[in-house]
Structure formats: C-alpha cells, structure tokens
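The values are calculated or read from the model by the stated rules, or taken from the named source; none is laboratory data. Just so it is clear, the model here is predicted, and its values are computed rather than measured. Here the Cβ positions follow ideal geometry from the backbone for every residue, glycine too, while neighbour counts run over all protein chains shown.
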Amino acid sequence: MIEDILLIQRRDGVATVTLNRPAKLNSLSRELRRELVRVFNELAADETVDVVILTGTGRAFCAGLDLKELGGENETQGVPASDREREEVVAGADVVRAVENFPGPVIGAINGFAITGGFELALACDVLLASTQARFADTHARVGILPGWGLSQKLSRTIGVYRAKELSLSGNYLGAEQALEWGLVNRVVAPEQLLETALALAHDMRSCPRDVVRAYKRLIDEGYKTELGRGLELEGEHSRAHIRSVSSEQIRARRNAVQERGREQS
C-alpha cells in the first residue's frame, strides 16, 4: 500500500518523513517517487509545518533508483518497461525539486546507505546529520548512466571538485567520519541519537522568526547558484526589502530574546 512506503509524522511544527521500503533499502520506485512529490508539495502548503526531517527505515537512507525498473523490468506487470518509462526513471528530478522547494529547512537524517539517487536526495536537503552507520556512494559510472538530479554539479560545490571526481569516477563508498571531514555532513552521531539530534536542531530553527528563516534559506539558495558578486548583490536587495517590513519594536524584542537565549546557553 502507498500509505506504508512513506511514513509522515507531524508534531510541534516539525514533520518527519520516513522512507519505508526497508527490504528494498528504501530504493526509489515510481510509486515512492510519486508519493514523495505529493507529500512534500502538501507539506509546503501546510502552514503548521516549519521544518521537515527526511530519513529512512532499516539499513539505508535510500539506495537510489529501483534497479529493476531502471533495467527495464515492470515489477507490477512482469513485462519489460517501455523506453519512455525507463527515461522517466532517470529523468524524474521532480522528486529532488519537491524537497528543494519546501520553503523551510529540510534536515536530512542519514541513517544508513545513501547511494546514487539516494545521495542526490540527501543533497536536496538543507542540513545533513549522519549516523555513524551512514555510507555515501555515487555509482552512476558503475551502473553505466549519467546523473540527472544535480549530483554532478552539487557534489563538487560541496566537497571540492577533486574529491567529487574521486567519488563519482570510482563509485567508492564514503564513510560518515570521512564525510564529516570533507564537509559533506554537519555532524555525526550514534544511530540512537540521530532523530533526537535532528529534532533538537529543528526546534532551534523553529525558535527563530519563521518569515526570516524562510527568506534566509531562499537568499542562500539563490546566491549559491550564481557567482559571488551577484550573490552579494542579491543579499543587499533582499536585506533592504526585508528591513522595510520589520518594525523597530520587533527588532528590539527579537534582540532581547537572542540575548536571553545566550545567557541561558552560556
């Protein structure tokens, strides 16, 4: 059933979305991709949800595309898939766009293997927290296809072009600690602490003004896609537009809240 392959829990402004095909290492079948797009579009329109946590059940975060479908096997009908269906499997970047288009922060809680399409799904998140059991791999070259969901461009911008080439042209695995050292993930925690850590970070994000968090995410993403000079121009444009919408009283109240939070955390 569709309801079972993707689990959604909403609580206190945070939605936890869990890929739930553990026997298939949470591989992205057409059905699961459609459901991910539907759910993220629904969450984007839900005014009660500020932050999303994306994770998986079992040994994998996501093992990428369903290789039976990619190999041309229509699992439900037992007949070869058409060329059009095979192209849709590779070109279905709408699932990545749906994650990226959620207006608030998306925290990837990488519990296990994140391979190829699953690696690309992880890169669609805004922050990556990894379990010590997390493993990343780009096996496009080994499977004999080229990426279509952004990995060839995002990975080099995240960890550097030489490291990205090492991973993508070898298909080798990258462990959690090495991923942390290379700047791919924000932190590495024990498996039993992964969701707890993600939830704590989500609530830290929720404690900031929602409109500012969303505008800031949009500003970072827009600037990231261009050169530094244009990015700085964008920052100035966004900053001037936003400051006109904030009153002195709001700034004073938020500054006092920041100072109080600093005293509590010191």
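Being surrounded by 18 or more Cβ atoms within 10 Å (Cβ to Cβ), at positive phi, of a type in the set (A, V, I, L, M, F, W, C) and in the same structural domain as ASP66 (by TED's automatic domain parsing) is true for just one of LEU6, LEU43, LEU25. Which residue is that? Full working, then the answer.
On the way: LEU6 fails: at positive phi; LEU43 fails: at positive phi.
Matching residue, one of LEU6, LEU43, LEU25: LEU25.
Filtered by the rule that a residue be out of contact with any strand residue (DSSP E or B) (no Cβ under 9 Å at 6 or more places or on another chain) and among the charged types (D, E, K, R), region 193-216 gives ASP204, ARG210, ASP211, ARG214. The residues of region 16-48 that are under 16 Å from the mean Cα position of the chain (by Cα) and over 22 Å from TRP149 (Cβ atoms) amount to a single one, THR16.
Identify, please: which residue in region 206-230 is within 16 Å of the chain's Cα centre (by Cα) and either in contact (Cβ under 8 Å) with a residue 40 or more places away in the chain or part of a strand (DSSP E or B) (or both) and is, among those, surrounded by the most Cβ atoms within 10 Å (Cβ to Cβ)? Show your work before the answer.
Residues of region 206-230 that are within 16 Å of the chain's Cα centre (by Cα), as a first pass: 214, 217-218, 220-221, 224.
If we keep only those that are either in contact (Cβ under 8 Å) with a residue 40 or more places away in the chain or part of a strand (DSSP E or B) (or both) as well, we get 214, 217-218, 221, 224.
Numbers: ARG214: 15, LYS217: 17, ARG218: 13, ASP221: 11, TYR224: 10.
Looking at the filtered set, the residue picked out is LYS217.
Is it the case, given these coordinates, that VAL185 is surrounded by 15 or more Cβ atoms within 10 Å (Cβ to Cβ) and part of a loop (DSSP other than H, G, I, E, B)? Against the criterion (surrounded by 15 or more Cβ atoms within 10 Å (Cβ to Cβ) and part of a loop (DSSP other than H, G, I, E, B)), VAL185 qualifies. Yes or no: ALA190 within 23 Å of ASN26 (Cα to Cα) and surrounded by fewer than 18 Cβ atoms within 10 Å (Cβ to Cβ)? For ALA190, the condition - within 23 Å of ASN26 (Cα to Cα) and surrounded by fewer than 18 Cβ atoms within 10 Å (Cβ to Cβ) - is met. The numbered conditions (1) surrounded by 14 or more Cβ atoms within 10 Å (Cβ to Cβ); (2) closer than 30 Å to ALA141 by Cα; (3) modelled with pLDDT under 95 are all true for HIS238 except (2).
Give the residues of region 188-205 that are outside any strand (DSSP E or B) and in contact (Cβ under 8 Å) with a residue 40 or more places away in the chain, sorted by residue number.
Going residue by residue through region 188-205, those that are outside any strand (DSSP E or B) are 190-205.
Residues satisfying the conditions are ALA190, PRO191, LEU194, LEU195, THR197, ALA198, LEU199, LEU201, ALA202, HIS203, MET205.
One line per residue, one yes/no per condition, for (1) crowded, with 18+ Cβ neighbours inside 10 Å; (2) part of a helix (DSSP H, G or I):
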position	(1), (2)
PHE119	yes, yes
ALA122	yes, yes
TRP149	yes, no
SER152	no, yes
LEU155	yes, yes
